[in-house]
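Worksheet: one structure, shown below.
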């Protein structure tokens, strides 16, 4: 087995996996799954987005190269098992961390795709996929309409904007950590503001058609 | 970024992505998703089948090599936003175009797999996957039973037949554009006839068991 | 087309695909899909787990290298069409064979990943994925909550244990067929005992929180 050291980016990534994993374990609890279902759903939510990204890039998924990645989902399932109501009462702070995960994953995902030689548009799309893919898989596998499509408050837009900015800065040669951190902060703040003020975008059908019955 | 020129096959492919994308944006409208959900679902429907095919072939998905592919889903989402009832009233013509997309994708998908060195059976299956995979992902992600499994009128059979013919002709050395165009026309006409006359195939259970209650 | 000979491991694998395929065709029958839907769902259930495993390993899925793999799903769909109530009455024996498929796939999947150079943790996870992935795809595509998450009797745990043992033995240098057969028998017996005595594990939420309403 390869040696792995806990570098700063890895630690950040593991925190992202953990907070996404919490949402998976909480959904498992709500749906009456057992503790193993909770573990599987936490794992799928935490590492699913990165798996889709890496499979499209033609690379072995990061989570499979590094056994550390299986620790955060296990912790998330354990925490929900022990103190589910507490975790839920803390969902407000958890949403903060989810926003941090969203910011982190859309940026690291975009950069990984750019480094693999993808064009900027595709790289931004893969960054967005990394950020929202785990949550999408979580809901699809638990047989509910994805939160991603819930028009309550914008979720994908901060990730799309962040991934797009990172790809654009890359084209301009602005690849330093400072630029990336700035974008991460913008994505994080946008999502927090959207949560706080229930920012929405228009529905899929223009408001002038609202009375028309689609079937 | 690589140069891309709008060749004839690319233009045809983009039309296919657009018409499949329309069905994704219409479903988003019916489900009350917002405009971003509409865009994401249109994109997944339009390019999802090709992504599954290319991932199985071990290649970077075409849509990620060429930013042009992101234009048709955007147009589809925009069109549904602006004139959804009109798009729906035009569903009859849209189904015509969907049939054209089906014919096109099952043939180009099969040929791409054959060129990658897959055996004829696997190539035909990947051609069918290209043709029906996007619609399958659309329905799975929107949490509805896939239209693909709707026994109302046959959808997969024309694609299976077309992909099988292409793979068989390839084995016989008949790889000219004329043969491929003939197969495309056969697939298209079969699907149109199935739509018009509500052609069906038997259910999964033989009619002699219809009264038996499966649980 | 490459030559394929029906070796013993291939024959075993095809039996696994057939028994998993039966569960797909039976679900199609229950859902009122047509015979083509039955065939597609049987195929997806039978070979889906292996496809996910191989795509993550960056290899062309076994089922696409070898046209034999398309025979068992066809037989499964045909059998359900002809004698669905009989197949269902035989579900008890079918569950026996499903347990055999589970034991077989978790072991062959883990070994394939180890041979591809994956670390033991990732290999065990890919073995579990091979074993439970097809059934998961079956349910997701048919729009029902996956049986995998049904807390009625344990299903994933025998596979997790078996895959873990195989990976551990591999690390210890115990790679002979005898060890693998022993693990297969353990997995098979555990699943049969779980079915017989309705073995369960705790729910995702600790029993001391059972009255708390999660939303």
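Side notes on the structure shown:
- Some residue of segment C:94-113 being surrounded by fewer than 23 Cβ atoms within 10 Å (Cβ to Cβ) and within 16 Å of residue C:38 (Cβ to Cβ): yes
- Every test in (1) surrounded by fewer than 20 Cβ atoms within 10 Å (Cβ to Cβ); (2) in contact (Cβ under 8 Å) with a residue 12 or more places away in the chain; (3) more than 8 Å from every other protein chain (Cβ to nearest Cβ) is passed by residue C:135 save one, and that test is (1).
- Close pairs (9 angstrom Cβ cut-off, 6 or more residues apart or separate chains): more than 9 Å from chain A (Cβ to nearest Cβ) and farther than 21 Å from residue A:73 by Cα in segment C:201-215, surrounded by 15 or more Cβ atoms within 10 Å (Cβ to Cβ) and modelled with pLDDT of 80 or more anywhere: C:210/C:203
- Evaluation of residue A:21 against the conditions (1) crowded, with 23+ Cβ neighbours inside 10 Å; (2) more than 14 Å from the chain's Cα centre (by Cα) shows that the sole unmet condition is (2).
A quick yes/no check of all residues on (1) surrounded by 16 or more Cβ atoms within 10 Å (Cβ to Cβ); (2) touching a helix residue (DSSP H, G or I) at 6+ places or on another chain (Cβ under 8 Å); (3) away from chain C (no Cβ under 11 Å):
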position: B:145; (1), (2), (3): yes, yes, no
position: B:156; (1), (2), (3): yes, yes, no
position: B:162; (1), (2), (3): yes, yes, yes
position: B:167; (1), (2), (3): yes, yes, no
position: B:170; (1), (2), (3): yes, yes, yes
position: B:174; (1), (2), (3): no, no, yes
position: B:181; (1), (2), (3): no, no, yes
position: B:186; (1), (2), (3): no, yes, yes
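- Looking at A:165, A:189, A:195, A:181, just one residue is more than 15 Å from the chain's Cα centre (by Cα) and in contact (Cβ under 8 Å) with a residue 24 or more places away in the chain, and that residue is A:195.
The values are calculated or read from the model by the stated rules, or taken from the named source; none is laboratory data. The structure displayed is predicted, hence computed values, not measured ones. Cβ: placed from backbone, ideal geometry, glycine included. Neighbour counts: every protein chain shown.
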